[in-house]
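To start, the structure itself, in C-alpha cells.
The values are calculated or read from the model by the stated rules, or taken from the named source; none is laboratory data. The structure presented is a predicted model; accordingly, all values stated were derived computationally and were not measured. We place every Cβ from the backbone using ideal geometry, glycine too, and count neighbours over all the protein chains shown. These area figures cover heavy atoms from the full protein model, side chains too; ligands, DNA and RNA do not enter into them. Shrake-Rupley method; radii C 1.70, N 1.55, O 1.52, S 1.80 Å.
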Amino acid sequence: MDISLLSVLTSMGIAALFFILGFFVNRKIGELKLYNAKKMAGNIVEEAKKEAESYKREAALEARDKMYKAKLGFEKDTAKKKRELQNIERKLADRESNVERKSDLLARKERETQRRERDLALKERTVKAKDERYKQLLEEENAKLERIAGMTAEQAKQRLMANLEAQARYEAAQMIKEIKDKARESAEGDAKEIITSAIQRCATDHVVESTVSVVSLPNEEMKGRIIGREGRNIRAFETATGIEVIIDDTPEAVSLSGFDPVRRETARLALETLVADGRIHPARIEEIVAKTEKQVEELIDKTGEETLLEMGIPDAHPEVARLLGRLKYRTSYGQNVLQHSKEVAYICGLMAGELDFDGAIARRAGLLHDLGKAVDQSHEGTHAKIGAELARKYGESDLIINAILAHHEDTEPTSAIATLVAAADAVSGARPGARRETLEAYIKRLEKLEEIANSFRGVDNAYAIQAGREIRIIVQPEEISDVQAGELSSMIAKRIEAELKYPGQIKVTVIREMRAVGYAK
C-alpha cells in the first residue's frame, strides 16, 4: 500500500515536473516567435521605408524632368513669339519708312505742281500781253497796207490769209513731224519694251486644227466593218454623231469631216473606241456615241475649270467654265481659240503689271474676250457682242463686258484694261505662225495695200513687203517735199485703217530721194 502510494506520488511529481517544464518551454517558444515576428515586422517596415524613399526620389526626378521640358517649351514659344514680334516690328518700320518716302515724294510733287501753276499763270499773263500787242500791231499793219497797196482792208485780209494759210500748213506739217518724232523717241520705246517683255515671258502653244479629223485603223479590213452590211453601220454612225465619215484610198485610215469641232471630236473618240472594241453594229454605235458624248462634256467642264484655276480666276460662273472648255475645240484663222485666249490673258496680265494696273482683272478680261466664239455658230451677231451678253448674263463686271465689246472696236473702250485687251489680242493674232491665211486672201490684201498707196498724188511706186506688215512708197521728189512725205505717210495709214481689216499693224514708209546730176565739159 505504501509502495502504491509512493508510486502515485512519484508519478504525480514527475507529471508536475513535466508540466512545469512544458510551460516554460512553451513560454520560451512563444517569446521566440514574438521576437521573430517583431524582427520581421521591423524588416518589413524598413523595406517599406526604403521603397517609399525610392518612389519619392523617382517622383522628384520625374517632376524635375517635366518642369525642365515645360521650361524648354516655354522658352521655345517665347523665342518664336519674340521673333514674330521682331518681324512685325521690322515690317511696320519698313512700312513707316515707305509711307514717309511717299509722303516726301507727294510733298515734292505738290511743290513742283505749285511752281508749275505759278509759271503757267505768269506765262498766261505774258501771252495775254503779247496777244494785245499783236492785235495792236496788226491793226497798224493793216492801215499801212491800205495806204501803200491801195487795197481795202478786206482785200488785204484775204491776201494775207492766203499767205498765212500756206505758211501755216507748211509749219503745221513741220510741227506734226517734229511732235511725232519726239513722241516716237519716248513713247514707242517704252511701249515696245513693255510689250516685248510681256511676249517674252508668255509661252503658250497654238494647236492648228482643221475641219477634218483622221482616225487610224489597224488594217484595211476594218473599213468594211465600219461601213457594215449595205452601209448600215456608217449610216448609224453619221446619224448619231452628225459628222460625215469619208472612206477613201488612204491606207489604214478614215477621215471625219464636220464644221462643229465638239461633234467632230466626239465622233473621233467614239470611232477609235469602236475600232479598238471590234464590235461594230448600230446598237453598239449608239451606246458608244452616247457614252463618248458624256465623256467629252466632262472633259469640257474639266478643261474650263483647269483654265480658270491656271489663270487665277476661282469665282467665275460654272457656265463660263463650260464655255471656255468648248473653246478648246474652236479655231479661228487656224488658231486654237482657247490657247489664243490664254495667251491674251497672259500678255494682258504682264502688261498690266508693268503699268501698275490690276493684273487679275486684266487676265480675266483677256481670257474672256473671245467667249462668244464658243456659241457663235448658233447665235446671231458678232462674237464680241455675243460674248458681252454671256458675260453680263453670268455676272461679270461692266469693265469686263466693255473690254469684250471693245477688243474689235464694236464700242469705245472705257478703261485702260480694255485697251490692253485689244492690244494683246492684236499681238497674239499678228505674231508669225499664230494664224493661217488663204493664198487668195493674202494676195488680195497685198494688192489692196498697193492700190491705196498708188491712189495718192506724187506716188511713183508702192511695194507691200514683210507679208503685208509693211508698205514702202517711193514718191516723186519734185512734187512731195520732206515735210509733205511725213504728212503723206499719215494720210495713207488712215486710209488703210478705214478700208482694210487686218490683225496687228501695218508700217507705212515713204521714201523721197532727190538726185542732182551735172556735167563738166
Inset, instruction - Ignoring everything but the protein chains, give the 1.4 Å probe accessible area of I3 in square angstrom, nearest 10. - result: 130 Å²
Legend entry - Residue-count net charge about H407 - beta-carbon cut-off 9 Å; Lys, Arg +1, Asp, Glu -1: -4
Inset, instruction - Can you bin region 439-512 into rounded, prolate or oblate? Criterion: square roots of the alpha carbon gyration tensor eigenvalues sorted a ≥ b ≥ c, rounded for a/c under 1.5, prolate for a/b above b/c, oblate for the rest. - result: prolate
Legend entry - For region 311-415: rounded, prolate or oblate by the Cα gyration tensor [a/c cutoff 1.5]: rounded
Inset, instruction - Using the heavy atoms of the protein chains and a 1.4 angstrom probe, tell me the accessible area per residue for region 312-430 in square angstrom. - result: 41 Å²
Inset, instruction - Summarise the accessible area of region 246-307 (1.4 Å probe, protein heavy atoms) by the percent that is carbon and sulfur. - result: 48 percent
Legend entry - Low-density loop positions, trypsin sites (Lys or Arg not before Pro), region 229-292 - DSSP coil, at most 14 other Cβ in 10 Å: R279
Legend entry - Local electrostatic count, K507, Cβ distance below 11 Å [Lys/Arg +1, Asp/Glu -1]: +1
Inset, instruction - Answer with one residue from G381, T419, A403: the one whose Cα lies farthest towards the positive end of the charge dipole of region 312-430, charges on Cβ with Lys, Arg +1 and Asp, Glu -1. - result: G381
Inset, instruction - Only loop residues by DSSP count here, and only those with at most 10 other Cβ atoms within 10 Å; note down the GluC sites (Glu not before Pro) in region 359-414 that meet that. - result: E380, E409
Inset, instruction - Using a 1.4 angstrom probe, figure out how much accessible area region 212-295 has per residue, in square angstrom, rounded to the nearest whole. - result: 54 Å²
Inset, instruction - Could you tell me the accessible area of M161 in Å² (1.4 Å probe, neighbours in place), rounded to the nearest ten? - result: 110 Å²
Inset, instruction - Determine the sum of side-chain charges near S54: Lys and Arg each +1, Asp and Glu each -1, restricted to other residues whose C-beta is under 14 angstrom from that of S54. - result: -2
Legend entry - Surface per residue (accessible, 1.4 Å probe) for region 26-143, Å²: 97 Å²
